[in-house]
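Comments concern the structure below.
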Amino acid sequence: MTSNFPAKIEALQRDALHIRRNVWRALHAAGSGHMGGSSSAADLLAALYFHYLRQRPDEPEWPGRDRFVLSKGHANAALGAALARAGFIDDSVLDQFYAYQSSFGMHPDIKMPGVEMSTGGLGHGLSVGLGMALGARMQNMDFRTCVMLGDGELQEGSNWEGAMAAAHLGVSNLTAILDYNKVQQSGHVGEMLDLEPMADKWTAFGWAVREIDGHDMEAIVEALDALPLAPDKPSLIIAHTVKGKGVSFAEDTYLWHNNLVTDEVYGRALEELGEAE
Amino acid sequence: MNDAQRPGLERPEWERLAENQSRLAFGLAVGELARRDSQVVAISADTIDLFGLRGFLESNPDRLIEAGIAEQNAMGIASGLATTGMRPILCGYAPFITARSLEQLRNDVAYAHQRVVIGAACGGIVLAMAGGTHHAVEDLAIMRNMPNMTVIVPADARQTWHAALQTEQLDGPSYIRLGGKFEEPPVTDIAADFRIGQADLLRPGGDVTVIACGCLVAPAIAAADALASSGIAVRVLNMHTIKPLDREAVLAAAAETGAIVTAEEHRITGGLGGAVAELLAREQPTRMRMIGLPDEFAIVGPTAKVREHYGLDQQAIMDACRDLLA
């Protein structure tokens, strides 16, 4: 750990705050949106885009780039905020959320620079990411693939096909990051269709698993720096997060999975989040 | 005894069989494509022997991914591979690779516009004895409605070879519907010119046109030849590419013969007949008869008997032609 590590962590925390504020900005521009899952993922996205992923925003199709797939596509506002801050897209795009003919809709569109796969239908990203990881291995390329999963979407069986195959094929260049915020559209995950014991399931499927606090930037960075968690297995980081993190009235409730963002709501959210710089 | 020495295996003969079984011709083409392009990779959904890929796997173990009986994952892997510049060829059963993995096919492949080739064996009612779970008689309707998708139903094994090789030139995804484990009569010449999107004119008649695809092409030719002796000149088009449809060939047939019969092993809604009818309704309303399966789940039985039951044969095509000319 270098001596500037605390400064690095503080910078990433500022990136995360920037993403959160821009999530609310995009949703306010659209009038509504998925603040809950976008806010829970903000710290993870900040660490990915501003610490871990090797990418070239001015050359988004660079073949050697690390791939990131947002399988929980409804958190696209957060992805767009990260892509804008990283320089893949212009900051003004964030005001075009849901807009007529916009490249920035509710869900990621592969046509937007920096977006590696169109997602939104749940339970797709892990298999696509597995294909990317296999593409790297077959072409002797050293890029890494990260897939961000939502917890609710793990109720889709396709994920478990992908999990089984990734372990069977031994793709250590594939990492899944679970934004485990415990809330889905209609209630708490544990009450809707429980996924526990989460770590045991993935371990049994042949993955190397680490659990962290998904809002502890130091822990996130340490986990990413430890990848791959095993030499010949895919890695899973279970990041325990809070739905709607950072805005008290939106935290840990399905009511703010996707909701209207009026001027008043927007003002209160920004006030709670605080200034970015 | 090792597996290769066991009696009753098809593998020692499979290259010979590829001459008249489209699924095996497709498998041969996978090997040829892989030989030409190091980015080509086959994906099996527990379909290695269905496509005759055992030999390919043995000589190219790194170029075939066995995804198991998990079509959703197989389709997602194909999409992900394609994004990295690989040329995945997904080998599946027509009823499962369309319906089971439909959302992955729509989102990850068609919507994301990835160059994935889908070989779909046992299309139509090839597996008639297996029941409705194994019939693929809505696949063309599904695939036709996918933007960016090329949809091909080769008339025989030879045409399958050409179609598979020409997918090299496509910029987007493609679907090639194939037969099953029995012989398909050759109806095209191995040296015949084949171009995706361009119908084959097999008989030049001017009284009525039969537009057929897949296993209905042979009965269409037989019907035309039989009607010729009654003085009826039947034009026969092998419409191997359902999408993009050869508009010029259809419109010329409508203008020059004034009556059209479509014939396909698919429900009459949404497939070849649907594509032709939609075009003609817009551009040149023409009297039609559509031969295919009705709006019901097909009965069980030997494929030939079930085809006969639903009138997927020469006699039905002749009757439809006569009906239009009456």
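Only the coordinates and a few stated rules stand behind these numbers; no lab work does. Quick caveat, the model's predicted, so the values are computed rather than measured. Neighbour counts run over all protein chains shown; Cβ positions are idealised from the backbone, glycine included.
Work out the FRET efficiency for residue B:305 and residue B:189 from their Cβ-Cβ distance, taking R0 = 41 Å, and round it to the nearest 0.05. Show your work: numbers first, answer last.
Working: r = 30 Å, r/R0 = 0.74.
After rounding to 0.05, the efficiency reads 0.85.
Based on C-alpha coordinates, I'd like the Rg and Dmax of region B:60-135, in Å.
Expressed in Å, the Cα Rg and Dmax of region B:60-135 come to 12.9, 41.
For the residue pair residue B:32 and residue B:69, what label-to-label distance in nm results when each label sits 7 Å from Cα along the Cα-to-beta-carbon direction?
Distance between label points: 3.3 nm.
Which of rounded, prolate or oblate describes region A:128-277 when judged by the alpha-carbon gyration tensor and an a/c cut-off of 1.5? Show your work: numbers first, answer last.
Values: a/c = 2.29, a/b = 1.71, b/c = 1.34.
Here region A:128-277 falls in the prolate category.
For the pairs A:111/A:233; A:111/B:243; A:201/A:233; A:8/A:233, note any where the Cα-Cα span goes beyond 22 Å. Please list the in-between numbers first.
Numbers: A:111/A:233 31 Å; A:111/B:243 24 Å; A:201/A:233 15 Å; A:8/A:233 29 Å.
Over 22 Å apart, Cα to Cα: A:111/A:233; A:111/B:243; A:8/A:233.
If I histogram all Cα-Cα distances within region B:248-320 using bins 10 Å wide from 0, what percent of pairs lands in each bin?
Pair shares across the bins are 20, 46, 25, 9, 0.
Under the classification rounded if a/c is under 1.5, otherwise prolate if a/b is larger than b/c and oblate if not, where does region B:181-309 fall, given a ≥ b ≥ c as square roots of the Cα gyration tensor eigenvalues? Can you show the working numbers first?
Details: a/c = 1.39, a/b = 1.20, b/c = 1.16.
Note, shape of region B:181-309 comes out rounded.
Just how large is the dipole of the protein assembly as shown about the Cα centre, in debye to the nearest 20, putting +1 at every Lys and Arg Cβ and -1 at every Asp and Glu Cβ?
Values: 49 positive and 77 negative charges, 196 e Å.
The dipole of the protein assembly as shown has a size of about 940 debye.
Out of the trypsin sites (Lys or Arg not before Pro) in region A:88-159, which ones are loop residues according to DSSP with at most 13 other C-beta atoms within 10 Å? Before the final figure, lay out each step's value.
On the way: sites: A:111, A:137, A:144; in loops: A:111, A:144.
Answer by residue number: A:111.
Between helix B:272-283 and chain B, what is the angle of the helix's C-alpha long axis to the longest principal axis, kept within 0 to 90° and rounded to the nearest 10?
50 degrees
Mean 1/r over all different Cα pairs, inverted: what Kirkwood radius does region B:187-260 give, in Å? Please list the in-between numbers first.
Details: mean 1/r = 0.0810 Å⁻¹.
Radius from the Kirkwood sum: 12.3 Å.
Tell me, A:24, B:161 in order of fewest to most beta-carbon neighbours within 10 Å? Please list the in-between numbers first.
Values: A:24 27, B:161 23.
Taking fewest neighbouring Cβ atoms as first place, the list is B:161, A:24.
For chain B, list log₁₀ I(q)/I(0) at each q in 0.11 Å⁻¹, using the Debye formula over Cα point scatterers of equal strength and ignoring solvent, two decimals each.
-0.65
In region B:27-171, how does Rg compare with the Kirkwood Rh, expressed as the Rg/Rh ratio over alpha carbon atoms? Don't jump to the answer; show the numbers that get you there.
Numbers: Rg = 14.0 Å, Rh = 15.1 Å.
We get a ratio of 0.93 for region B:27-171.
Above 22 Å lies some portion of the pair distances; for chain A, what is it as a whole percent of all C-alpha pairs? Please report the intermediate quantities before stating the final value.
Details: 20227 of 38226 pairs.
Of the Cα pairs, 53 percent sit more than 22 Å apart.
Please report the antiparallel percentage of DSSP beta bridges with both residues in region B:200-325, rounded to the nearest 5.
Numbers: 4 of 19 bridges.
Antiparallel bridges: around 20 percent, rounded to the nearest 5.
Please list, short to long, the whole-number percent of alpha-carbon pairs of the protein assembly as shown in consecutive 20 angstrom bins beginning at zero.
All Cα pairs considered, the percentages come to 20, 44, 28, 8, 0.
In whole Hz and in residue order, list the ³J(HN,Hα) couplings for region A:260-277 that follow from phi through the Karplus curve 6.51 cos²θ - 1.76 cosθ + 1.60, θ = phi - 60°; x for Gly and Pro.
Residue by residue, region A:260-277 yields 6, 10, 7, 4, 5, 4, 4, x, 5, 5, 5, 5, 5, 5, x, 5, 7, 10 Hz.
Would you kindly derive the ³J(HN,Hα) couplings of region A:154-162 from the backbone phi angles with the Karplus curve 6.51 cos²θ - 1.76 cosθ + 1.60 (θ = phi - 60°), listing them in order in whole Hz, with x for Gly and Pro?
5, 6, 6, x, 4, 4, 7, 4, x
Would you mind checking the tilt of helix B:71-83 against the longest principal axis of the Cα atoms of chain B, expressed as 0 to 90 degrees and rounded to 10?
80 degrees
Fewest first, what order do B:46, B:37, A:66, A:179 take by the number of other Cβ atoms within 10 Å? Write out the running numbers ahead of the final one.
Numbers: B:46 17, B:37 12, A:66 20, A:179 30.
Sorted ascending by nearby Cβ count, the order is B:37, B:46, A:66, A:179.
Choose one answer from A:161, A:61, A:196: the residue with the largest mean-square fluctuation in a GNM of chain A with alpha-carbon springs under 10 Å.
Largest GNM mean-square fluctuation: A:196.
Order of B:310, A:266, A:100, B:175 from fewest to most other C-beta atoms within 10 Å? Could the numbers behind the result be given before it?
Details: B:310 19, A:266 15, A:100 5, B:175 31.
Going from least to most buried by this count: A:100, A:266, B:310, B:175.
In terms of Cα to Cα distance under 16 Å, which lysines are near enough to residue A:245, apart from those fewer than 8 places away along the same chain?
Qualifying lysines at Cα under 16 Å: A:182.
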